[in-house]
Amino acid sequence: MPNELMTIPVAEWNKLKQRATKLALDKSNQQLVMQLMSKMSEASGLENVIDNMLRSIVDVIGGANLILYYKIDADIFYADVYGVKKHLQQLDDECVISAFATGDASEYEHDFSDTQMLTPAFTHAYTWIYPLKVGSTVIGVFKMESLHIAMRDLYAQLPLFFNYAALVLKNEILGYTRLQNVNNLLQQEIIIRKQTEQKLLAAKNEAEAANRAKSIFLANMSHELRTPMNAVLGFSQLMQKDSDLSPEQRETLNIINNSGKHLLELINDVLDMAKIEAGRVIVENGNFDLGALIRDTIDMMHQRAEAKGLELFLDQSSSFPRFVNSDEAKFRQILLNLVGNAIKYTQKGRVIVLLTAENLPDTQQCLLICEIKDTGIGIAKQDLPFIFDTFVQVGRESDQQGSGLGLRITKQYAELMGGQVTVTSELNKGSSFILTLPAAKVDQSEIINKTVLDGKQVLGLAAGQPEYRVLIVEDQLENRLLLKRLMEFVGFQVREAVNGQQGVEQFMHWQPHFIWMDRRMPIMDGIVATQKIRALPGGDKVKIVAVTASIFAEQRQEFLNSGIDDIVGKPYRDAEIFDCMAKHLGVQFIYDELVNEKRATEQSLNEQCLKQLPESLLSELQQAAMSLDIEQSLAVIEQIRAIDAPFAEVLKERVNQFDFEVITKLLCNADFS
């Protein structure tokens, strides 16, 4: 019947009520567990995850205290809800030890019935020991203390949470372990790196100490070797000026002089190589006339080539710049070494110097290319890799000459200047050395004009000048005597001092116009003496020039900083001494052939000069100039000299300066052909 009531027995009704209550409680407990698991995902990092895990459990489940014991490798750690964390030496809680050993959970009841609890539910409490397992491995144990009886119903739902907590903890421990391993590796690398740095620093200090020792040795050797060589060459050159010498004596002096020059070359090679190895060579760039340098080098080498019956040709491209910014001294040495070697190892045939240049992206920069080709003995293929090695000379022993350092120095200098030297060769047919070197092109206006003595001999002082007083401060008798004779030969008043202190005293009493100052002297060196003289009345007006055998740029700079006006290196040529005095003192000399560098170039080139010359000569000159043929141009000019010597001198000067453009322009405008 629809309206008929269903009767349920009381016992059954009570069972249904209990079941509904249990289902509601289970659902509530499941929600608590899900809430716990949700809170677990709110943190990252081992310590943060553990803190979050402990707080979450206490907030959701309750309890007076909550402790987590966990393992990392063989170590056991402790963390509680109050923030205490520590590394345990050993476990002293038997229940926890048992949980780690067996992997079984346990529960302990505490009776508080005699403590006057306000609520009956709190008359009993429980402690749960629950292991965190991943597979069969226990990685941690929870100990939850003083849980009230109402929480016992939650116990059945906790395995799901603890399984999840075990996985989270395991992942964090793995991450922490990896991080620790990485940190350990980094620490080891840092330790190794610091040890390496200390070793490198020690090696650097040792190398610097060795270099300092080598530098001191080089400075001493430079002084000890160059100083006597200065005397040998200087006195032999001075004696050569004696018109009373017999032919045999003059020949002997020539041998002494040539042998001295050869010995000086060997000394310079050894010292230069030692400077390079000590890291004491620096590049000193400046503007200079590259054309004049090439001309001087070829002129210097022509005599050597002619003495061996060789032809020495220069083939220069119009792209090769005239004025550049580079290290003039090193460029000259490289070229002299390469051309000198070519002549030295060529017995017949020719040596050709090919010069060209390539423009670089920067319009002011170019790449100089100098190729020196010879028809000499050549180099065997197996020997080519060794020709730039120190003290190495390849080929037959009978063909070997010199110190074996020239090519090594050449290669090092080229690399210091940003270039390189390469070689190709064929045995018994000849060799080709190619120098490539970057350089900046500059305008002629940027080149400082220098007085060039052109090797003319100084005969004396020009008339109408003051009586110049010259003081020589030098401890070495032979060098002091050489300078004194040079000064007295041309008419200077001269006094001497054997050390810096005497030099200062002589300046105070005699007030010289010019002082030649040595650097290394006993009692007081040249630097201190210069500083003291500059501080005295009149010390700012006297010209002081150092004469030193020092090979290091920084030592020269130290001298300049002391107040020196200039430096002349030992061994020196007479021309350098007199040129320096003309530059700083303004003194004028009489030469055996009056020098006037501009006498030819001051005459203008014009068509009027061409009218008296045969067209055949002019046509031949035009063809040689357009071909940039120096030898042929000079040969034609020598024929012109018989007709018009001044005009021939102007033309020769232009050719020597590689200024073919002016010549060809003049000849083309004349329209004589």
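The values are calculated or read from the model by the stated rules, or taken from the named source; none is laboratory data. It should be emphasised that the depicted structure is a prediction, and the values quoted were computed from it without experimental measurement. All Cβ positions, even for glycine, are placed from backbone atoms using ideal geometry, and neighbour counts span all protein chains on display.
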Inset, instruction - Hey, can you tell me all the residues within the range 651-673 that are modelled with pLDDT of 75 or more and among the basic types (Lys, Arg)? - result: 652
Inset, instruction - Among the numbered conditions (1) over 22 Å from the mean Cα position of the chain (by Cα); (2) at pLDDT 80 or above, tell me where residue 416 comes up short. - result: (1)
Legend entry - Restricting the range 502-521 to residues that are part of a loop (DSSP other than H, G, I, E, B) and at pLDDT 90 or above, the residue that is surrounded by the most Cβ atoms within 10 Å (Cβ to Cβ): 512
Legend entry - Long-range neighbours under 9 Å by Cβ, at least six apart or interchain, first residue under 21 Å from residue 557 (Cα atoms) within the range 273-300, second modelled with pLDDT of 80 or more and exposed (fewer than 15 other Cβ atoms within 10 Å of the Cβ): 276/416; 281/416; 282/416; 283/416; 283/418
Inset, instruction - Determine which single condition residue 11 fails, assuming it passes every other condition in (1) at pLDDT below 80; (2) under 24 Å from residue 159 (Cβ atoms); (3) among the small types (Gly, Ala, Ser). - result: (2)
Inset, instruction - Would you mind telling me which numbered condition in (1) at pLDDT 65 or above; (2) assigned by the TED database to the domain that holds residue 343 residue 472 fails? - result: (2)
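Any idea which of 80, 59 is acidic (Asp, Glu), within 19 Å of residue 162 (Cβ to Cβ) and either surrounded by 14 or more Cβ atoms within 10 Å (Cβ to Cβ) or at pLDDT 75 or above (or both)? Step through it out loud before you land on a result.
Working: 59 fails: either surrounded by 14 or more Cβ atoms within 10 Å (Cβ to Cβ) or at pLDDT 75 or above (or both).
The conditions single out 80.
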Inset, instruction - Look at residue 236 and say whether it is at pLDDT below 80, of a type in the set (S, T, N, Q) and closer than 30 Å to residue 548 by Cα. - result: yes
Inset, instruction - Say whether the condition of being in contact with a helix residue (DSSP H, G or I) (Cβ under 6 Å, 6 or more places away or on another chain), in the same structural domain as residue 102 (by the TED database) and modelled with pLDDT of 75 or more is met by at least one residue in the range 150-161. - result: no
Legend entry - Filter result (of a type in the set (D, E, K, R), buried (at least 18 other Cβ atoms within 10 Å of the Cβ) and assigned to a loop (DSSP other than H, G, I, E, B)) within the range 566-575: 570
